[in-house]
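Shown next, in structure tokens, is the structure this report addresses.
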Amino acid sequence: MRDEFEGRLWADHGTDFARTVDQLLADIGQVFSRLAQIQFAAPWRSRQRQTRLG
């Protein structure tokens with residue numbers, strides 16, 4: 001019975017950790033996406049290159 005309980009705790013801990021890492025990676029992806037938007041909208045970018053890239 002104790003082994004089942006400890007096994008369940010370990011599995012729950014792994015699930016929570018995976019969820020936290022997943023959220024961290026999603027946040028990092030959002031940061032890089034925003035940085036790319038800022039870079040492509042930067043005033044030092046040429047207008048021709050901005051229209052060509054999107």
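Taking each residue of region 7-20 that is touching a residue at least 24 places away in the same chain (Cβ under 8 Å) and looking for partners that are surrounded by 10 or more Cβ atoms within 10 Å (Cβ to Cβ) and of a type outside the set (Asp, Glu) with beta-carbon atoms closer than 9 Å, six or more apart or interchain, yields nothing. Residue 12 fulfils the conditions (1) more than 21 Å from the chain's Cα centre (by Cα); (2) modelled with pLDDT under 85 except for a single criterion, (2).
The values are calculated or read from the model by the stated rules, or taken from the named source; none is laboratory data. Since we're looking at a predicted model, the values are computed, not measured. Ideal geometry is used to build each Cβ from the backbone, glycine not excepted, and the neighbour counts take in all protein chains shown.
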